[in-house]
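The values are calculated or read from the model by the stated rules, or taken from the named source; none is laboratory data. The structure displayed is predicted, hence computed values, not measured ones. Ligands, DNA and RNA are stripped out before the accessible areas are found, and what is left, the full protein with its side chains, is counted by its heavy atoms. Shrake-Rupley method; radii C 1.70, N 1.55, O 1.52, S 1.80 Å.
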Amino acid sequence: MATKKTAKKAAKKTVKKAAAKRTIKKAAAKKAKKAVAKKAKKAVAKKMVKKAAKKTARKAVAKKAKKAVAKKMVKKAAKKTAKKATKKKVAKKAAAKPAARAKPAKKAAPAAKPAAAAPAAAPGAKTALNPAAAWPFPTGSRP
């Protein structure tokens, strides 16, 4: 009977050992799975971070591009308005010039009439008849 007892004990031990091995294997498998899952999560997280960084970089570049385009548009608009303003000024000046030229021409015509009357009143203008009158001094005598 001693042999049966020892055999039973040995059998129980081997069963226990096998069960322990299975639990250890299961635990190891779980740990391995957890480790793999952690690594996968980390990898996914890294990818997500990279994607997010790329997105933010793209957004920043897009913002800068939009700002640059907006600046160009503002500059173009400013140039256009400046050109229009200068054209208006030039047009106003051009419109004012003919009017200014026409006004002195009208004034010059009436002024010519008194000039024609002046030589008749002033005897100094007729130098051919009176050579002494050509002298600029009113006395008519030369030094």
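If Ala62 satisfies every condition in (1) open to solvent by 50 Å² or more (accessible area, probe 1.4 Å); (2) under 33 Å from the mean Cα position of the chain (by Cα); (3) of a type outside the set (S, T, N, Q) but one, which is the exception?
Here Ala62 clears every test but (1).
Looking at segment 107-121, is at least one residue modelled with pLDDT under 90, outside any helix (DSSP H, G or I) and open to solvent by less than 70 Å² (accessible area, probe 1.4 Å)? Let's see the steps before the verdict.
Just the residues of segment 107-121 that are modelled with pLDDT under 90, to begin with: 107-121.
Retained after the next criterion (residues that are outside any helix (DSSP H, G or I)): none.
Looking for residues that are modelled with pLDDT under 90, outside any helix (DSSP H, G or I) and open to solvent by less than 70 Å² (accessible area, probe 1.4 Å), one finds none in segment 107-121, hence no.
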